[in-house]
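Just so it is clear, none of the values below were taken in a lab; they were calculated from the coordinates. Predicted, not measured: the structure shown is a model, and the values here were computed from it. Counting neighbours? That spans all protein chains shown, and the Cβs are built from the backbone with ideal geometry, glycine included.
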């Protein structure tokens, strides 16, 4: 048994940490979030030169053969710097769908441009009523001769504003909740009938509402087999759940560090806050929760890596615990910062906001507890 | 013991209800219902309507314009205000400065300040916390030096809620640095228009501008604006904090919010049904409702003790902790109800526009509320300080 990262993975971690230290201080991040794009296309290219964008793809697709553990390493480091560049929607979700399901032609058109940082993708899987159920799809794709005609509505599409192409889940057959009958389509954002309403989220990321009105697509637009997309959707969302959990654990580590530092310097009643036993115990609790959640992260990453039988169950265990830990660490960090914790000027509140949205993304604790129980 | 309403109480409830129905301006109601931020004018307009009816300074002694209502009537009144989703009463004048002036002020001060508070002609804010003095309020450093018949004030206050709207600020200032830190504190009223007073906004994580820093640079304040004796400020502050803690729980408002969330669970689509089909979610909602009932009856017990001649003492810390816990859990449950639709951020101008909102109509204010409500366990004496108060003053530890 070995919990150690490989030399390459450690180098990757160091590379990202150095980038954060040198190029991505909090004030730079804040400027990026407030900019038109909401992130830096230049830094996105930097990530390409670091090899991050092609990391979790097979060599035959032009990737570096990385797996879940590499994704974990990248996202955990991203979390500590609160990096807002859209890695999960672009690479973990969309890139992996193309790589798993795409025809050679689809891969050739998309993957090199994705890896170079020139093309952005988004995966539209959620609908207003679907909550976290990936099989709840009402968006329809009707066969019309050699074409498909798409109608429906997709909500909170991450990275929608930057996306050149969208991957959309739509129902080609079956009922609302059926796992079979779901297909994926790759659509240019400029295609007639596709309309996107772009906006910012509270965590600084960007998203869109997507309306599809009689969008006519040729059969070349379908990604993978007709009606059989569900298992691939579930696979990439599990991978993304691991990724966002790693990000959360990076954030938790940073929030614990910031809080510890703050309580050591802030004095009230003639002593540092860190000297009060009532507060010490709470910081011990947040420290323990971070460590325990990280253990689940490592467990789930290796299970996914080994394609273990209980990999999916371990992802649900992880995300359930991430949700609980995020609540505890997020809320305690703000409380221990006092009034300063709720100000826009301090970074702690921004870590808190991202940690809070992560509690929901790809399923909250309740959802994953129920899923865990059902598996 | 009798915990039910009498015939007269029910009649009173009808009277309050029909008054609100007739007098609550529809434009303000619309803003409140849609979650659009209210302006200073909206709040003053509504509060003046209550003033004119004689229903604003409800807790004051009758000689200063109070209502003389029983505890039950006050309870009914607050519930009806919350029920109708009227703007929260801004407490700094009517619930804080007013009681200090009629309890500790001289006759001249009562005549000078109380009518304008009761009639909503003057907006007050509270100058307590300082950058270095939060939970440890008694360590405050803003200095007031007596020179002839004036105080010269230097220093700064922080977390000053709605100072941007305020005409006057009541401040705790240091008039003596020599002895025990609590003993050198005085209670001073300062006109915000005095040269040397500067207000700077603090933007909070929900993106709103509610709190401020207030700076005092050689501000000249007439000595007649001192309430009580020099050095009496700490006792006044303790009196006031106890008052603040009883009101801070916002229980009537929470009752309305719980019902609103219950309604939402019946309408918000989830798969082929509605959110109410999610039993884990509904369990949480019901747990919060039970917590709220216990907080409500604890508040009623405190109010009943007060009306029997007692003071809101250290026990009011229970209300502050209990009420704010519920405020925070409920704001969190609203976020959970929305799933992904809790995440889109809407600026004030987005809220004012007529464009269809992203997600359900009620969604826009939900996450800002959750984020903003982190403050409730921090302000008014943090919940850690409240526990210290209970430990020391109630349990005698």
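Which FRET efficiency value, to the nearest 0.05, do you get for residue B:88 and residue A:188 by plugging their Cβ-Cβ distance into 1/(1 + (r/R0)^6) with R0 = 51 Å?
Efficiency computed from Cβ-Cβ geometry: 0.55.
Using only Cα atoms, what is the ratio of the radius of gyration of region A:285-349 to 2.2 N^0.38 Å?
1.42
What's the angle, to the nearest 10 degrees (0 to 90), between helix A:347-360's Cα axis and the longest principal axis of chain A?
Roughly 40 degrees, rounded to the nearest 10.
So what's region B:249-394 giving for Rg/Rh, alpha carbon basis, Kirkwood Rh from the mean inverse pair distance?
That ratio is 1.05, to two decimals.
Please express the Cα-Cα pair-distance distribution P(r) of region A:109-167 as a list of whole percents, one per 10 Å bin, running from 0 to the bin with the greatest distance.
Taking every Cα pair in region A:109-167, the percentages come to 21, 38, 33, 8.
What is the mean number of Cβ atoms from other protein chains located within 10 Å of the Cβ atom of each residue in peptide B:341-352, rounded to a whole number?
Counting other chains' Cβ atoms within 10 Å and averaging over B:341-352 gives 4.
Using only atoms on other chains, find how many Cβ atoms lie within 10 Å of each Cβ of peptide A:350-359 and report the average.
Counting Cβ atoms of other protein chains within 10 Å of each residue's Cβ and averaging gives 3.
Can you give the Kirkwood hydrodynamic radius for region B:104-160, in Å, rounded to one decimal and based on Cα pairs?
This gives a value of 13.7 Å.
Taking chain A as the reference, fit the longest principal axis to its C-alpha atoms, fit the long axis of helix A:68-81 to the helix C-alpha atoms, and give the angle between the two in degrees, 0 to 90, nearest 10.
50
Estimate the FRET efficiency between residue B:112 and residue B:290 by the formula 1/(1 + (r/R0)^6), using the beta-carbon distance for r and 51 Å for R0, to the nearest 0.05.
0.60
Taking every residue in A:333-340, how many Cβ atoms of other protein chains lie within 10 Å of its Cβ, on average?
Taking all residues of A:333-340 together, the mean is 6.
What are the equivalent ellipsoid semi-axes of region A:209-346, built from the alpha-carbon gyration tensor (square roots of five times its eigenvalues), in whole angstrom, biggest first?
Equivalent-ellipsoid dimensions as semi-axes: 42, 20, 9 Å.
What's the ranking of A:80-86, A:141-147 by average number of surrounding C-beta atoms within 10 Å, highest first?
The densest-packed peptide leads the list: A:80-86, A:141-147.
Relative to the longest principal axis of chain B, what angle (0 to 90°, nearest 10) does the C-alpha long axis of helix B:251-267 take?
20
Which whole-number percent of Cα pairs in region A:122-227 have a distance greater than 25 Å?
14
Which number do you get for Rg(Cα) / (2.2 N^0.38 Å) in region A:7-120?
Normalised by 2.2 N^0.38 Å, the Cα Rg of region A:7-120 equals 1.05.
What order, most packed first, do the peptides B:266-274, A:249-257 have when packing is the mean number of other Cβ atoms within 10 Å of each residue?
In decreasing order of mean packing, B:266-274, A:249-257 become A:249-257, B:266-274.
Arrange the following residues from fewest to most other Cβ atoms within 10 Å of their Cβ: B:385, B:221, A:156.
B:385, B:221, A:156
Given q = 0.11 Å⁻¹, what are the Debye log10 I(q)/I(0) values for chain B, with equal point scatterers placed on the Cα positions and solvent ignored?
The Debye formula, applied to the Cα set alone, gives -0.87.
Which values, in whole Å and largest first, are the semi-axes of the equivalent ellipsoid of the protein assembly as shown obtained as the square root of 5 times each eigenvalue of the Cα gyration tensor?
Taking √(5λ) for each eigenvalue gives 52, 30, 23 Å, largest first.
Compute the separation of the alpha-carbon centres of region A:203-274 and region A:126-153 and state it in Å as a whole number.
About 23 Å separates the Cα centre of region A:203-274 from the one of region A:126-153.
If the viscosity is 0.890 mPa s and the temperature 25 °C, what Stokes-Einstein diffusion coefficient in µm²/s follows for region B:7-89 when Rh is the Kirkwood radius over Cα pairs?
Result for D is 184 µm²/s.
Taking the number of other C-beta atoms within 10 Å as the exposure measure, put A:283, B:96, A:72 in order starting with the fewest.
Sorted ascending by nearby Cβ count, the order is A:283, B:96, A:72.
For region B:174-271, what size does the Cα cloud have along each of its three principal axes, sorted from largest down, in whole Å?
67, 28, 23
Could you state the orientation-averaged shadow area of the convex hull built on the Cα atoms of chain A, in nm² to one decimal?
Over all viewing directions, chain A projects a mean Cα-hull area of 18.9 nm².
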